[in-house]
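The values are calculated or read from the model by the stated rules, or taken from the named source; none is laboratory data. Nothing here was measured: the structure is a model prediction, and the numbers come from that model. Heads up, the Cβs are rebuilt from the backbone with ideal geometry, glycines too, and the neighbour counts pull from every protein chain shown.
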Amino acid sequence: MTLPFSPTARRPSWRRSRARPPVAAVEVLICGSADRGDDGAPIAASRRLRDRLEDDVRMRVVGQLDIDDLLGVPAGAGVVIVDAATGLRRGQIVELPLNGLVAREDGLRPRSSHSLEFREVIGLADMVRGRPLRGRIIAIGGGKFSLGAGLSPSVANAIPALVGAVLDAIRRLRE
Amino acid sequence: MHDTDTIADTTGDLEVDVAGLTRVEGEGSLRLRVRDGVVEEARLEIFEAPRYFEQLVVGRTPDEVIDIVARICGICPVAYQMTAVHAFEHALGIEIDPAVRALRRLLYCGEWIESHALHIYLLHLPDFLGYPSALDMATDHRAAVEAGLELKKAGNRIVELIGGRAIHPVSVRVGGFSRSFRRTDIVALRASLEAALATALRTVDLVASLDPPEFARAGRLVALRHPDEYPMNEGRIVSTDGLDLAPTEWRSAFHEEQVPWSHALQARGRDGRPYLLGPSSRITLSARQLHPDALAALTRTGLADEIAVNPYRSIVARAVETVDAVAEALAIVDAYRPSDAPRTAWEPRAARAAWATEAPRGLIFHAYELDERGHVTHAQIVPPTSQNQAAIEADLAAFAPRVLGLPRPEQTLRIEQLIRSYDPCISCATHFLDLRVEDLS
């Protein structure tokens, strides 16, 4: 079927509106919701990360990861996405390259993305950007995501390790 | 993805059992059993509904409630905010400035645009074109996906500007907004809306050309209707069988009930009948109030009658409403004049509050009781999906026998596609149903 939309030379306006000087070598996107149990793990990690990031690393709390969040990553910058996920042991930390996730059909299911899976969000962002994002996703396994719940003990205990994993991923992306 | 996914299909039997449908606000599953061509069971189970919020808001002030209920949904937070704020203002007798009224309608337009664009292009269109996901569809139809994303972005921009942020807005207050908006702020939306209108009109043509499964449901449609404008924040509750109620009187015609298979309360008419909300209901009951651009687009499709009965045509209703929301937004932007103050002052007091507005997915109803300090002592929040749940189950039961003779992938697609036609809040999960088919014979 031919759809009534043809490729246009005009660049999508978000590229203009989101364009920033490429000051950030790495962007850290913190997903999740602090009021939904283990979904708040990345937020908890971000509080510990705040004072430990170099000047050329920008951290943003994005809540639900949206395509626009990835389109806002400056060209050439690396990106580290941190989110809670199901399908892992509580507190288990898994790191995956973004390009591997796009090709993965049975991967992690994020708890904070409402409408699209990670692979779709990242794949569509890659498509619009015209080149694959360079980066990693760091997921921490969660077990309870009810509103008003705090972190599970095993997830809370894993926050320092999550912080370490993020810092390590940033270091490798800057190399 | 799911704990257990099975379909068993013999000549007259079909068994679909999908556990662990996931969404942000909760989890659900689908159970559908057909034996000898007769539907034995059709259940759309939702394990979590915003019941907790009804307790969370107790003891809170109206302004706090408005921020809290925005957290119920990441896709339609404005619907929850608008319903709550109108309930409080009606109960407390607060008159709002016309500019505030216009901005709230603009804010709701933003949510409709982003929600509808997301559903049309990224969740529902892949079904019709035979792709498992928007990402797969984008490999062949990149320009269309980009156009859909740009359309969605036009809605996001409105919500971000007026709401203070794109998700879970924070600016709505009883009596108005937390801040004023300069005309230059609002007019800045114009360029993206102009582009969005062209895209929205082409979207109507696109979805009207799709070939949906034949299916005619015979249920009751319910929506708000306003004499002068397409319903969003105001209007009376009407139905295809003659209901006509004030937006405060939802409970006189409908009620919620517990069903054993769902943590969510299901809403039904007082007569026990299910009813359907959403774009198809609104188009059917309020087509004459559409913006002229949207009405012309609807007329051009020639599908108004089919929209009323075939759920698969809801994608057309959604596209027409997107035109309406974009055109309305443009009109509001052009006419906008700031108010003298961002909000009207008010005094807390005891009151009973209730209101209904139109979320992208359909009518949403809130009721609150306030004590003499103006703090909430009781709350009832009835989202559209819990109201549509019984109608979805009824439609699944009516449709299921039609897929018995189809190949298994086609069965899966048709059932998923039907569920997605209602754009339930669990659409994120139903979009990724990965059904395994087992022949039990």
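Observations, loosely collected:
- Single condition residue B:306 does not satisfy, out of (1) more than 18 Å from the chain's Cα centre (by Cα); (2) within 29 Å of residue B:96 (Cβ to Cβ); (3) assigned to a helix (DSSP H, G or I): (2)
- Residue satisfying condition, being of a type in the set (D, E, K, R), in contact (Cβ under 8 Å) with a residue 60 or more places away in the chain and touching an Asp or Glu at 6+ places or on another chain (Cβ under 6 Å), within set B:337, B:352, B:343: B:352
- Qualifying residue in the range B:75-97 (condition: buried (at least 22 other Cβ atoms within 10 Å of the Cβ), in contact with a Gly (Cβ under 7 Å, 6 or more places away or on another chain) and within 14 Å of another protein chain (Cβ to nearest Cβ)): no
Condition check ((1) at pLDDT 85 or above; (2) part of a strand (DSSP E or B); (3) touching a strand residue (DSSP E or B) at 6+ places or on another chain (Cβ under 6 Å)) across all residues:
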site	(1), (2), (3)
A:96	yes, yes, yes
A:100	no, no, no
A:105	no, no, no
A:121	yes, no, no
A:127	yes, no, no
A:143	yes, no, no
A:150	yes, no, no
A:168	yes, no, no
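- Subset of the range B:48-61 that is at pLDDT below 90 and more than 21 Å from the chain's Cα centre (by Cα) - its residue that is farthest from the other protein chains (Cβ to nearest Cβ): B:55
- In the range B:168-205, the residues that are surrounded by fewer than 19 Cβ atoms within 10 Å (Cβ to Cβ) and either among the β-branched types (Val, Ile, Thr) or at positive phi (or both): B:170, B:184, B:187
- Residues within the range B:72-100 that are in contact (Cβ under 8 Å) with a residue 40 or more places away in the chain and more than 27 Å from residue B:421 (Cβ to Cβ), tallied: 16
- Candidate set: the range B:141-164, residues that are free of Cβ contacts under 8 Å to residues at least 60 places away in the same chain and more than 9 Å from chain A (Cβ to nearest Cβ); chosen: the one farthest from residue B:193 (Cα to Cα): B:164
- Any hit, the range B:113-121, residues being surrounded by 22 or more Cβ atoms within 10 Å (Cβ to Cβ) and more than 23 Å from the chain's Cα centre (by Cα): no
- Residues located in the range A:130-141, provided they are assigned to a loop (DSSP other than H, G, I, E, B) and under 18 Å from the mean Cα position of the chain (by Cα): A:131, A:132, A:133
- Scan the range B:206-218 for residues that are buried (at least 19 other Cβ atoms within 10 Å of the Cβ) and either within 10 Å of another protein chain (Cβ to nearest Cβ) or assigned to a loop (DSSP other than H, G, I, E, B) (or both) and the total you get is 2.
- Hits in the range A:36-59 (condition: assigned to a helix (DSSP H, G or I) and charged (D, E, K, R)): A:38, A:39, A:47, A:48, A:50, A:51, A:52
- Pair list, Cβ under 7 Å, 6 or more apart: the range A:52-80 residue basic (Lys, Arg), other residue in a helix (DSSP H, G or I): A:52/A:167
- Check on residue B:327, under 21 Å from residue B:285 (Cβ atoms), in contact (Cβ under 8 Å) with a residue 24 or more places away in the chain and surrounded by 20 or more Cβ atoms within 10 Å (Cβ to Cβ): yes
- Test: residue in the range B:229-240 that is aromatic (Phe, Trp, Tyr) and surrounded by fewer than 20 Cβ atoms within 10 Å (Cβ to Cβ): no
- Across the range B:302-314, the number of residues qualifying as buried (at least 20 other Cβ atoms within 10 Å of the Cβ) and either touching an Asp or Glu at 6+ places or on another chain (Cβ under 9 Å) or among the acidic types (Asp, Glu) (or both) comes to 4.
Residues checked against (1) modelled with pLDDT of 75 or more; (2) buried (at least 23 other Cβ atoms within 10 Å of the Cβ); (3) more than 18 Å from residue A:125 (Cα to Cα):
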site: A:8; (1), (2), (3): no, no, no
site: A:47; (1), (2), (3): yes, no, yes
site: A:52; (1), (2), (3): yes, no, yes
site: A:59; (1), (2), (3): yes, no, yes
site: A:64; (1), (2), (3): yes, yes, no
site: A:79; (1), (2), (3): yes, yes, no
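- Test: residue B:371 is surrounded by 17 or more Cβ atoms within 10 Å (Cβ to Cβ), of a type in the set (Asp, Glu) and either at pLDDT 85 or above or touching a Leu at 6+ places or on another chain (Cβ under 6 Å) (or both): no
- Selection status of residue B:264, under 29 Å from residue B:415 (Cα atoms), touching a helix residue (DSSP H, G or I) at 6+ places or on another chain (Cβ under 9 Å) and either surrounded by fewer than 18 Cβ atoms within 10 Å (Cβ to Cβ) or modelled with pLDDT of 95 or more (or both): no
- Inclusion of residue B:189 among residues that are at the interface with chain A (Cβ under 10 Å from one of its Cβ atoms) and closer than 30 Å to residue B:316 by Cβ is not warranted.
- For the range A:66-78, a residue qualifies if it is away from chain B (no Cβ under 11 Å) and outside any strand (DSSP E or B), and the qualifying residues are A:70, A:72, A:73, A:74, A:75, A:76, A:77.
- Verdict on residue B:64 being in a helix (DSSP H, G or I), in contact (Cβ under 8 Å) with a residue 24 or more places away in the chain, within 16 Å of residue B:343 (Cα to Cα) and over 21 Å from the mean Cα position of the chain (by Cα): no
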